Amino acid sequence: MDFQTQVMAPGATAKLAADALLLVLVGDAVPATLDAPLADSVAEAVKLGDLALKAGKTAYLRQVPGVKAPRVVVAVAKNGSARAVKAAGAAGIAVVKGLGVKHLAVLVAGVDAVGAAQAEALATAAADAVYLYRTTKPSAGDAPALAKLTLLVAKADAAEAAAGLARGAAIAEGVTLARELANRPGNHCTPTLLAAEARKMAKAQGLKIEVLDRKQLEALGMGSFLAVAQGSDEPPKFIVMHYQGAAKTVAPLVLVGKGITFDSGGISLKPGEGMDEMKFDMGGAASVVGTLRAVAQLKPKLNVIGVIAACENMPSGRALKPGDVVTSMSGQTIEVLNTDAEGRLILCDALTYVERFKPAAVVDIATLTGACVVALGAVHSGMFSPDDALADDLLAAGHAALDTCWRMPLDEEYDEGLKSNFADMANIGGRPGGAITAAMFLKRFTAKLRWAHLDIAATAWKSGAAKGATGRPVGLLTHWVLSQAR
Ligand code: BES
Ligand code: MN
Ligand code: ZN
């Protein structure tokens, strides 16, 4: 999708060549700044009872006098915040997306200024609305025709709005890529395909990439990651992508994604109901690919490395068994009490691997625990970090991106349950505080790192009728990366 800004002189709606005008109205009155014929039409719609000036309401008007575009959609926002403008924008776009609208002009009225955050929010809302999963569903038909969005702004707002649109456009590309990868079924999106798609992205964006195979992982001593992979006929892949926007000597930010392309639970097999959704268990990996794509487009002056541990978690005659003890790359041994707690087993080796980059900070992203779904629901991703400054930066990035996280505790007391009589630690700590004990497990592999963990088990995809990947937390991660540039 193309995004552009256009400075709006009074009367510009009369000349604007677009297929539709989306008018986002902020407040509970028709703003005085609107061109008179348009304002009259909106006022008439209100009078006729076709439009209530209440947040979330929309109205569809045709052939509005004084507006060149043949369609006008009015959407009411609660206030001028980016969140409210995004919600209204999404509601308005939902009205036009089924129509033949290719070029949509958007005017936000009733606010003093349209800032970068509002512009970014409108761009991501539009991209979200037009994404259609088609790869294994030819009958899904064509994606919505909407291909271009022009944001109408006052001259004083133009620079900010253009910057916001550019950021939104890059994030939208990253989100769309993450959604597409995560939506693909497990028999399509194998570790091998994930590596191939990462390569495709890296090549298109001019990033360096290496993919390590089983032999190389054995040589590195990744006994924990390989133990999860051993039950599957699909070979594991360890993907390392490099974005370089600063001198090689500048310590990189590192993103580590959980890339379980299907989580059956292994020998600790999951119940059948809803198991299909475990194709989304590579949502963390998808968000790393998507974020690197967005970052490559935005070109901040820093270095970012994206790392993905990808494999399947399957039962078989060669599979990891409850009670097995594995030796991680760090040298610490792990008693596997439940083969379904596999995410931490692959991430711990990835966290040890990234020590070699001497990172400025490391964030891992994982659909790690059902307990996090229970704790936070689908509103906030779970965020864990012993580092207050890093935690604050991630919270702020989440707010800026409208892709929020919530900080969870990491007190030493939670480590108790990970004790084992047969290894340095067990891989589970019991049901209470399950998201936290999972994070405590990872923490044991981060002594040399400035580290945070995002549990996206509830936020990476939606269940039910709207089942599908969300692309979260590409927005949060991209904002965090941008916030670290100086
Ligand atoms: N991928 C799952 C976590 C998950 C479950 C994400 C449901 C989203 C929805 C993870 O590998 C897993 O199975 N975790 C177990 C851990 C338990 C065995 C300690 C869980 O959460 O049940
Ligand atoms: Mn599992
Ligand atoms: Zn899993």
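Which log10 I(q)/I(0) values, to two decimals, does the chain give at q = 0.09, 0.10 Å⁻¹ under the Debye formula with one point per Cα? Once normalised to I(0) and log-transformed, intensities are -0.62, -0.74. If R₀ is 41 angstrom, what is the calculated FRET efficiency for the pair S316 and Q484, using the beta carbon separation as r and rounding to 0.05? FRET efficiency, S316 to Q484: 0.45. Once you reduce the range 450-476 and the range 134-149 to the center of their Cα atoms, the two points are 23 Å from each other.
Between A156 and H399, the simple spin-label model (points 7 angstrom out along Cα→Cβ) gives 2.5 nm. Subtracting the Cα-Cα distance of A378 and D213 from 0.36 nm times their residue separation leaves 56.0 nm of extension gain. Note on K54/K200: beta-carbon distance plugged into 1/(1 + (r/R0)^6) with R0 of 60 Å gives a FRET efficiency of 0.85. Based on Cα contacts under 8 Å between residues 6+ apart, the chain shows a relative contact order of 14 percent.
Rounded to the nearest 0.05, the FRET efficiency derived from the C-beta distance between K248 and A43 at R0 = 41 Å is 0.10. A simple count of charges around G141, restricted to other residues whose Cβ falls under 15 Å of its Cβ and scoring Lys, Arg +1 and Asp, Glu -1, yields +2.
Computed across the range 357-483, the Kirkwood hydrodynamic radius from all distinct Cα-Cα pairs reaches 15.1 Å.
Neighbours of G468 by Cβ distance under 9 Å: Lys/Arg scored +1, Asp/Glu scored -1, total +3. One Cα centroid belongs to the range 369-399, the other to the range 16-56; the line between them spans 39 Å. Sparsely packed loop sites in the range 203-303 (the trypsin sites (Lys or Arg not before Pro) outside DSSP H, G, I, E and B with at most 12 other Cβ atoms within 10 Å) comprise K248, K301.
Near I428, once Lys and Arg are set to +1 and Asp and Glu to -1 for all other residues with Cβ below 14 Å from its Cβ, the sum equals -2. If the chain linking D411 and Y133 were pulled fully straight, counting 0.36 nm for each residue of separation and taking away their Cα-Cα distance, it would gain 95.9 nm.
None of the figures in this text is laboratory data; all of them are computed from the coordinates on show. Model, not experiment: these values are computed from the prediction. So basically every Cβ, Gly included, is an ideal-geometry build from the backbone, and we count neighbours across all protein chains shown.
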